[in-house]
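The values are calculated or read from the model by the stated rules, or taken from the named source; none is laboratory data. Just so it is clear, the model here is predicted, and its values are computed rather than measured. Glycine gets a Cβ as well: all are built from the backbone with ideal geometry, and neighbour counts include every protein chain shown. Keep in mind that these areas ignore ligands, DNA and RNA; they rest on the heavy atoms of the full protein, side chains included. Shrake-Rupley method; radii C 1.70, N 1.55, O 1.52, S 1.80 Å.
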Amino acid sequence: MRKILIANPKGGSGKSTLSTHLASWFAWQEANVMLGDLDKQHSSHHWLNLRSEQLPQIARWDIGDDQIARPPKGCQVAVLDTPACFSGSKLKKVLKIVDHVIVPILPSAFDLWASADFFEELAEMKAIRREEVQVGVVGMRVNSRTQTAQQLPEFLKKFDIPLITCIRDTQLYNQTIQRGMTLFDLPQSKTQRDRDEWKPLIEWALKRQ
Ligand SMILES: Nc1ncnc2c1ncn2[C@@H]1O[C@H](COP(=O)(O)OP(=O)(O)OP(=O)(O)O)[C@@H](O)[C@H]1O
Ligand SMILES: [Mg+2]
């Protein structure tokens with residue numbers, strides 16, 4: 001079973017967008033996918049409620065702060081969305097049951113500063129030190145031609161954490177999310193450019209069980 005945590009205590013960094021997209025990509029591969037949502041705003045579970053039954057199914061993983069437990073048997077891929085400010089003892093607990101952590105980051109100075117604190121916190125966690133959990137970064141809403149986008153790889157060099165991919169800023173994300181869909185539910189011909197951006201992340205997530 002693959003268990004993927006999406007976390008960044010900075011609000012609005014793209015956690016729910018990443019969570020829903022990964023869940024839907026794996027669902028298209030006919031995997032038995034579960035999507036958990038620790039956020040009290042329940043963005044990912046709202047999205048799941050909107051999802052058409054005609055689309056590849058994703059099951060709701062009912063996991064709460066007070067009942068952190070592994071996904072049920074039969075689940076092949078579990079994706080866990082987290083709220084802003086998710087850190088400390090809650091993070092520590094969740095790191096015991098996942099194998100990948102993906103940190104979405106917006107390429108802005110405020111977001112980079114906030115992420116630096118988070119990386120320092122992650123680096124001290126036992127599961128990360130023992131390399132039981134892999135950590136990777138995804139640049140979100142990145143316009144590759146901007147100077148701030150170029151700062152992201154430079155910034156990450158300080159922390160031994162790989163930049164897996166960058167996802168461009170496009171309204172397609174908002175348009176699909178509000179319909180309980182993702183880019184992966186749209187025809188390939190219309191989304192090839194964006195699918196190419198997700199490919200390195202999917203390969204990375206598939207590397208280690
Ligand atoms: N690549 C993108 N292009 C355009 N808009 C995006 C992209 N990624 C995310 N967004 C938009 O940015 C906003 C924040 O994204 P999202 O809700 O995924 O962040 P979050 O980290 O889950 O936020 P919160 O901390 O509040 O839970 C949303 O409106 C989303 O549609
Ligand atoms: Mg969210």
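Does PHE155 satisfy being in contact (Cβ under 8 Å) with a residue 40 or more places away in the chain and within 17 Å of LEU112 (Cα to Cα)?
yes
Show the residue pairs meeting these rules: Cβ distance below 7 Å; 6+ apart or different chains; first residue within the range 73-90 and under 12 Å from MET1 (Cβ atoms) and open to solvent by 30 Å² or more (accessible area, probe 1.4 Å); second residue small (Gly, Ala, Ser) and more than 15 Å from ligand 2 (Cβ to nearest atom).
GLN76/ALA31
Out of (1) modelled with pLDDT of 95 or more; (2) surrounded by fewer than 16 Cβ atoms within 10 Å (Cβ to Cβ); (3) part of a helix (DSSP H, G or I), the odd one out for GLN150 is which?
Here GLN150 meets the rest and fails (1).
Considering only residues that are of a type in the set (D, E, K, R) and either within 10 Å of the chain's Cα centre (by Cα) or at pLDDT 95 or above (or both), which ones fall in the range 5-34?
LYS10, LYS15
Just to be sure before I move on: is LYS190 exposed (fewer than 11 other Cβ atoms within 10 Å of the Cβ) and either at negative phi or away from ligand 2 (no atom under 16 Å from the Cβ) (or both) in the structure I sent? Step through it out loud before you land on a result.
On the way: exposed (fewer than 11 other Cβ atoms within 10 Å of the Cβ): no; either at negative phi or away from ligand 2 (no atom under 16 Å from the Cβ) (or both): yes.
Judged against the criteria, LYS190 is not a match.
Does at least one position in the range 41-54 carry a residue that is small (Gly, Ala, Ser), in a loop (DSSP other than H, G, I, E, B), within 16 Å of ligand 2 (Cβ to nearest atom) and surrounded by 20 or more Cβ atoms within 10 Å (Cβ to Cβ)?
No, because not a single residue in the range 41-54 is small (Gly, Ala, Ser), in a loop (DSSP other than H, G, I, E, B), within 16 Å of ligand 2 (Cβ to nearest atom) and surrounded by 20 or more Cβ atoms within 10 Å (Cβ to Cβ).
Please specify each residue of the range 166-186 satisfying the condition of being open to solvent by less than 70 Å² (accessible area, probe 1.4 Å) and either aliphatic (A, V, I, L, M) or in a loop (DSSP other than H, G, I, E, B) (or both).
Result: ILE167, ARG168, THR170, LEU172, ILE177, GLY180, MET181, THR182, LEU183, LEU186.
Pairs needed: first member in the range 1-24, in a loop (DSSP other than H, G, I, E, B); second member anywhere, within 8 Å of ligand 1 (Cβ to nearest atom) and among the small types (Gly, Ala, Ser); C-beta distance under 9 Å; at least 6 residues apart or different chains.
ASN8/GLY14; ASN8/ALA84; PRO9/ALA84; LYS10/ALA84; GLY11/ALA84; GLY12/ALA84; SER13/ALA84
Exactly one of these conditions fails for ALA127: (1) within 16 Å of ligand 1 (Cβ to nearest atom); (2) modelled with pLDDT under 95; (3) not charged (D, E, K, R). Give me its number.
(1)
Let's see how each residue does on (1) of a type in the set (Lys, Arg); (2) away from ligand 2 (no atom under 16 Å from the Cβ); (3) part of a strand (DSSP E or B):
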residue: ALA69; (1), (2), (3): no, yes, no
residue: LYS73; (1), (2), (3): yes, yes, no
residue: LYS90; (1), (2), (3): yes, no, no
residue: VAL94; (1), (2), (3): no, no, no
residue: VAL101; (1), (2), (3): no, no, yes
